[in-house]
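Everything below concerns the one structure shown next.
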Amino acid sequence: MDSCIFCKIIRGEIPSSKVYEDDKVYAFRDINPEAPVHVLIIPKVHIKSANEINEENAEIISHIFIVASNLAKELGIAHSGYRIVNNCGEQGGQTVEHLHFHLLGGRDLTWPPG
Ligand code: AMP
């Protein structure tokens, strides 16, 4: 999608700190990290939010979770623990309308979130 900031990151039009890429997903460091490890994992195909996950695109979601699990190991947070977060919609705190999963770790994460 032309105007989408995350699509621009995927296309290399906006710089990012890439940690992983394959034909389906792109993962990069969050510009405003909330934890020592804060990576965003996004599908290369533009999906607006979790509201648009369906039978046709569901495969990308399982792939994202495999990537998240692998990255947690590579980034050294698998043993201590981590959180995978998706914010959906305005009240869910979604600020970028391209489906993304936050991988957070490296500190004690409080629960419930605010
Ligand atoms: P959310 O609030 O769940 O929509 O998350 C969007 C996330 O994208 C926030 O944590 C932002 O800090 C992050 N973000 C926005 N622009 C960029 C960027 N250019 N590079 C890296 N992370 C970004």
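Just to be sure, is Ile47 part of a helix (DSSP H, G or I), more than 10 Å from the ligand (Cβ to nearest atom) and either more than 24 Å from Trp111 (Cβ to Cβ) or open to solvent by 60 Å² or more (accessible area, probe 1.4 Å) (or both)?
For Ile47, the condition - part of a helix (DSSP H, G or I), more than 10 Å from the ligand (Cβ to nearest atom) and either more than 24 Å from Trp111 (Cβ to Cβ) or open to solvent by 60 Å² or more (accessible area, probe 1.4 Å) (or both) - is not met.
Being farther than 13 Å from Ala68 by Cα and within 11 Å of the ligand (Cβ to nearest atom) is the filter here; which residues of the stretch 14-28 pass it?
Ile14, Pro15, Ser16, Ser17, Lys18
Taking into account only those residues within the stretch 1-13 that are among the charged types (D, E, K, R) and outside any helix (DSSP H, G or I), which is nearest to the ligand (Cβ to nearest atom)?
Restricting to residues being among the charged types (D, E, K, R) and outside any helix (DSSP H, G or I), the top hit is Glu13.
Working carefully through the options Glu55, Glu34, find the one that is more than 15 Å from the ligand (Cβ to nearest atom), acidic (Asp, Glu) and surrounded by fewer than 17 Cβ atoms within 10 Å (Cβ to Cβ).
Only one candidate qualifies: Glu55.
Mind checking whether some residue in the stretch 76-94 is more than 16 Å from the ligand (Cβ to nearest atom), of a type outside the set (Asp, Glu), surrounded by 16 or more Cβ atoms within 10 Å (Cβ to Cβ) and without any contact (Cβ under 8 Å) to a residue 60 or more places away in the chain?
Looking through the stretch 76-94, at least one residue is more than 16 Å from the ligand (Cβ to nearest atom), of a type outside the set (Asp, Glu), surrounded by 16 or more Cβ atoms within 10 Å (Cβ to Cβ) and without any contact (Cβ under 8 Å) to a residue 60 or more places away in the chain.
The values are calculated or read from the model by the stated rules, or taken from the named source; none is laboratory data. Not measured: the values here are computed from a predicted model. With ideal geometry, Cβ positions are generated from the backbone for all residues, glycine too; neighbour counts draw on all protein chains shown. For accessibility, only protein heavy atoms count, side chains too; no ligands or nucleic acids. Shrake-Rupley method; radii C 1.70, N 1.55, O 1.52, S 1.80 Å.
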